[in-house]
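Read the structure below first, then the notes.
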Amino acid sequence: MPSTSDLQLVAGVDSSTQSCKVLVCNAETGEIVRQGRASHPDGTEIHPSEWWKAYESATADGLLDGVSAIAVGGQQHGMVTLDEAHEVVRPALLWNDTRSAQDASDLIDDFGGAQRWATQVGVVPVASFTVTKLRWLRRSEPESLDRTRACVLPHDWLTGQILKQGGGFESWTTDRGDASGTGYWSAGSGDYLPEVLDLAIGRQIELPRVLGPTEAAGRTDSGLVVAPGTGDNMGAALGLGLRPGDAVISLGTSGTAFARHDAAIADASGAVASFADATGGFLPLLATLNAARVLTAGASMLGVDLAELDRLALAGEAGAHGLTLLPYLDGERTPNLPTATGTLSGMTRTNATPENLARAVVEGMLTNLAEALDALRGQGVRVERVLLIGGASASASVRSIVADLFGAEVHVPVSGEYVALGAARQAAATLLGTDLPDWEVQTDAVLEPDAKATERIAELRGRYADLRTQLHGSSE
């Protein structure tokens, strides 16, 4: 076996809301050679300098020794404003900062409605998107906007900082995947939309150059190749080796559903965003606020830990004997119901048991994501196989019913840092000047839907849909 010094090494960075994680990998095989991690401060706004502190901490003690190329995968949508000296104007507003909700609504109206947004931009604004945060800046902090000469995304800023510190910075860059989450770059046309920026802030500012999938952002004085990087969801798709016909369901604190697709879409409901991926294709995506946190809340309500919630849910009756949970515990992003609350319906003296309640919690969380998967299918996205990731994918009760609810074969990859792995895979392709290397993804479980469960699942989903309509109207 060759020594580490004989290997061609690449690094991938996952700069998420919570932390900075770095993987150093064998460029040919993807084998992880070493790794580092450091936390970010909590909150919905943060000074970008904290990202750099975490990056330096995560890469301390020679973690990057011998590394030939690096790429950054970063949280999407964050607004980093820069002055004429490229200094940060104000703390970055992150994707989970909702203060621009009214600005999102105003932008929809000002641009001519949701259908025009969907057709021309590919997204219908919600508070997450960068364009709404810029509109908020214009309304709430005009003096900050006056100082702003450029706007970049979190992964753009960290990529630029690596090059600045290494002596190779020339200009701000991004990639098409992350750019497609701004609200002023169209995955369909592949262009920035100056008219949207005018609508948001009344003038044009510098925006990062959009690189090709393996076009280097630059090279440091030491020779380190810095790949374009991408957004976190696009990075995860690279790390998982997503192929046409694959969809990903992520059961993190919040939930996401995304898939490889061959064309841009235009969903005027705003449910499915027409994002680009990091390969030159497309990655339609839907996000929910409520996923693993539903399980945490259920465990808290029952006074048990997550392991006991899992055991109770497995002991509960399929369908929870009529108990139905609408899991909008923190409001919901998809459907767009920010003031909604969770609802437990159908309780009787007979079914009011810890086992049925635990079962309803798991079924409610998964049904919400099953509807997200249906929304992708409704946009013509082919779903033949589902990859299930995120912390809740390890739950035995989740695994016992997820394939039935999703109506597809479900693969559960071995737990891993797939955003950082995807960034490293991109770095390898950029370094070698080749297509993305074929790195094996280990599978922990393959789950098949039970044909005999079709009627039972239809009844459960019917109850869920009836409850949602009764409380909130149609989700369309």
*Count - residues of the range 261-282 that are in contact with a Leu (Cβ under 8 Å, 6 or more places away or on another chain) and either farther than 18 Å from Ser128 by Cα or modelled with pLDDT of 95 or more (or both)*: 8
_Among the residues listed as Thr430, Thr443, the single one being open to solvent by 30 Å² or more (accessible area, probe 1.4 Å), closer than 30 Å to Arg34 by Cα and hydroxyl-bearing (Ser, Thr, Tyr)_ = Thr443
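Yes/no per residue for (1) more than 18 Å from the chain's Cα centre (by Cα); (2) more than 30 Å from Ser186 (Cα to Cα):
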{"site": "Leu289", "(1), (2)": "no, no"}
{"site": "Asp305", "(1), (2)": "yes, yes"}
{"site": "Leu312", "(1), (2)": "yes, yes"}
{"site": "Gly316", "(1), (2)": "yes, yes"}
{"site": "Thr324", "(1), (2)": "yes, yes"}
{"site": "Glu332", "(1), (2)": "no, no"}
{"site": "Pro335", "(1), (2)": "no, no"}
{"site": "Thr339", "(1), (2)": "yes, no"}
{"site": "Thr343", "(1), (2)": "yes, yes"}
*Looking only at strands (runs of 3 or more DSSP E) that fall completely inside the range 7-113, which ones have 3 or more residues that are of a type in the set (Val, Ile, Thr)?*
67-74
*Considering Thr130, Thr159, which residue is free of Cβ contacts under 8 Å to residues at least 60 places away in the same chain, crowded, with 23+ Cβ neighbours inside 10 Å and touching a Gly at 6+ places or on another chain (Cβ under 8 Å)?*
Thr130
*Inter-residue pairs, beta-carbon under 6 Å, first at pLDDT below 95 and in the range 42-60, second open to solvent by less than 40 Å² (accessible area, probe 1.4 Å), 6+ apart*: Thr44/Leu94; Thr44/Asp97
_Restricting to the range 310-345, count the residues that are among the hydrophobic types (A, V, I, L, M, F, W, C) and touching a strand residue (DSSP E or B) at 6+ places or on another chain (Cβ under 9 Å)._
6
*Which one of these does Gly112 not meet: (1) open to solvent by less than 40 Å² (accessible area, probe 1.4 Å); (2) closer than 20 Å to Gly202 by Cα; (3) modelled with pLDDT of 95 or more?*
(1)
*Go through the range 189-212 and give me each residue that's open to solvent by less than 50 Å² (accessible area, probe 1.4 Å) and either modelled with pLDDT under 95 or not aliphatic (A, V, I, L, M) (or both).*
Gly190, Gly202, Pro208, Gly212
*From the list Leu240, Leu199, Leu251, pick out the single residue that is farther than 17 Å from Ser180 by Cα and in contact with a strand residue (DSSP E or B) (Cβ under 6 Å, 6 or more places away or on another chain).*
Leu240
*Looking only at the range 133-146, which residues are free of Cβ contacts under 8 Å to residues at least 60 places away in the same chain, of a type in the set (D, E, K, R) and surrounded by 21 or more Cβ atoms within 10 Å (Cβ to Cβ)?*
Lys133
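From Val121, Val88, Val80, grab the single residue that is hydrophobic (A, V, I, L, M, F, W, C) and surrounded by fewer than 22 Cβ atoms within 10 Å (Cβ to Cβ).
Val88
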*Take Arg461 and decide whether it is of a type in the set (Lys, Arg), over 30 Å from Ala227 (Cβ atoms) and part of a helix (DSSP H, G or I).*
yes
*Which of the residues belonging to the range 405-438 are among the aromatic types (Phe, Trp, Tyr) and more than 17 Å from the chain's Cα centre (by Cα)?*
Phe406
_Under 6 Å between Cβ atoms, which residue pairs at least 6 apart in sequence (or on different chains) link something in the range 389-411 that is in contact (Cβ under 8 Å) with a residue 24 or more places away in the chain with a partner that is acidic (Asp, Glu)?_
Ser395/Asp310; Ala396/Asp310; Ser397/Asp310; Ala403/Glu448; Asp404/Asp450; Glu409/Glu448
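Look at Ala429 and say whether it is at pLDDT 95 or above and not charged (D, E, K, R).
So Ala429 fits the description; yes.
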*Being in a helix (DSSP H, G or I) and open to solvent by 10 Å² or more (accessible area, probe 1.4 Å) is the filter here, so list the residues in the range 168-184 that pass it.*
Arg176
*asked:* Which pairs turn up if I take residues in the range 65-87 that are at pLDDT 95 or above and look for partners that are in a loop (DSSP other than H, G, I, E, B) and of a type in the set (Phe, Trp, Tyr) with beta carbon separation below 7 Å, at least 6 apart in sequence or on another chain?
replied: Gln75/Trp95; Gln76/Trp95; His77/Trp95; His77/Phe129; Gly78/Trp95
*Could you check how many residues of the range 249-307 are under 15 Å from Leu373 (Cα atoms) and charged (D, E, K, R)?*
2
*Quickly run through the range 213-228 and pick out the residues that are touching a helix residue (DSSP H, G or I) at 6+ places or on another chain (Cβ under 8 Å), on the phi > 0 side of the Ramachandran plot and surrounded by fewer than 20 Cβ atoms within 10 Å (Cβ to Cβ).*
none
*Hey, Ser49 crowded, with 24+ Cβ neighbours inside 10 Å, touching a strand residue (DSSP E or B) at 6+ places or on another chain (Cβ under 8 Å), more than 20 Å from Asp175 (Cβ to Cβ) and of a type in the set (S, T, N, Q) or not*: no
*Among (1) surrounded by 19 or more Cβ atoms within 10 Å (Cβ to Cβ); (2) closer than 21 Å to Asp232 by Cβ; (3) at pLDDT 95 or above; (4) not aromatic (Phe, Trp, Tyr), the one test that Ala38 misses*: (1)
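The values are calculated or read from the model by the stated rules, or taken from the named source; none is laboratory data. As the structure is a prediction and not an experimental result, all values here were calculated from the model. FYI the Cβ positions are ideal-geometry reconstructions off the backbone, even for glycines, and counts take in every protein chain you see. With ligands, DNA and RNA removed, areas are computed over all heavy atoms of the protein, side chains included. Shrake-Rupley method; radii C 1.70, N 1.55, O 1.52, S 1.80 Å.
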